[in-house]
Amino acid sequence: MRIINGFRGEHRFLSNFWPCYLEYKNLVYPTTEHAYQAAKVANLQIKELIKDCPTPAAAKDYLETNHIKPDPDWTVDGKLLIMEQLQVIKFGGKEPLLTRALLGTSDAELVEENNWNDTFWGVCENAGENNLGKILMKVRQELIWQKAQIVLQLEQEQGNSAVADALAITPRCLYEKMIAFSIQNKEYWIS
């Protein structure tokens, strides 16, 4: 099995620092890192300040630099859930090139190798849980399943509204996914 070890170079798009506007809980963030750091607190004013940080590194450091502790309900399970939600948004179809890039990793094992001692989200010096890599592989698998379901539903000659209903998504979300998955359908492509 091929291993993508570290989210650098051609695989930099897998990093939470990669620019991608994503909407999470009614705010639009410039990177996944901004959204993740803002999720640590309930205070809307602090979320806005994190959102407006000039770089993902500044967003990552914002709470510590300003001596702000994450909310008391910030747990490991909560971290994992929010990170998965953010990766689903990032790669779910609104930015088709990112969706295609993640799918382009095929069945490679994704390892967030780093040198900053992050053994929760990644692996440092061959030790770590690689939770970010695991979440990305889970999201990739879900996208593969979604694409197969859309193709299957369309092959059954159902209209796009019926396909969206069957997949429990909006017609707009279906349209975005079809673009991201490079699926053409006469209902959308013929004027």
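Computed from the coordinates by the stated procedures, all read-outs in this text should not be read as laboratory data. Predicted model, so just to flag it, every value in this text is computed and none were measured. Cβ sites come from the backbone with ideal geometry, for glycine too, and all protein chains shown count toward neighbours.
Number of residues in the range 34-75 that are loosely packed, with under 12 Cβ neighbours inside 10 Å, acidic (D, E) and closer than 19 Å to Y21 by Cβ equals 1.
For L136, indicate whether it is more than 21 Å from the chain's Cα centre (by Cα) and of a type outside the set (S, T, Y). No, not satisfied. Quick one: in the range 19-33, which of the residues that are in contact (Cβ under 8 Å) with a residue 60 or more places away in the chain and not hydroxyl-bearing (S, T, Y) is surrounded by the fewest Cβ atoms within 10 Å (Cβ to Cβ)? Within the range 19-33, the match that is surrounded by the fewest Cβ atoms within 10 Å (Cβ to Cβ) is E23. Output the residues belonging to the range 135-160 that are of a type outside the set (S, T, N, Q) and either free of Cβ contacts under 8 Å to residues at least 24 places away in the same chain or not in a helix (DSSP H, G or I) (or both). Those that are of a type outside the set (S, T, N, Q) and either free of Cβ contacts under 8 Å to residues at least 24 places away in the same chain or not in a helix (DSSP H, G or I) (or both): W145, A148, L152, E155, E157, G159. Of the residues that make up the range 60-83, is at least one assigned to a loop (DSSP other than H, G, I, E, B), under 25 Å from G6 (Cβ atoms) and not polar (S, T, N, Q)? The answer is no; no qualifying residue exists. Scanning the range 102-117 for residues that are surrounded by fewer than 17 Cβ atoms within 10 Å (Cβ to Cβ) and within 30 Å of V28 (Cβ to Cβ), we see that the one that is farthest from the chain's Cα centre (by Cα) is W116.
Tell me which residues, restricted to the range 1-18, are within 13 Å of the chain's Cα centre (by Cα) and either surrounded by fewer than 11 Cβ atoms within 10 Å (Cβ to Cβ) or not in a helix (DSSP H, G or I) (or both). Hits for the range 1-18 are S15, N16, F17, W18.
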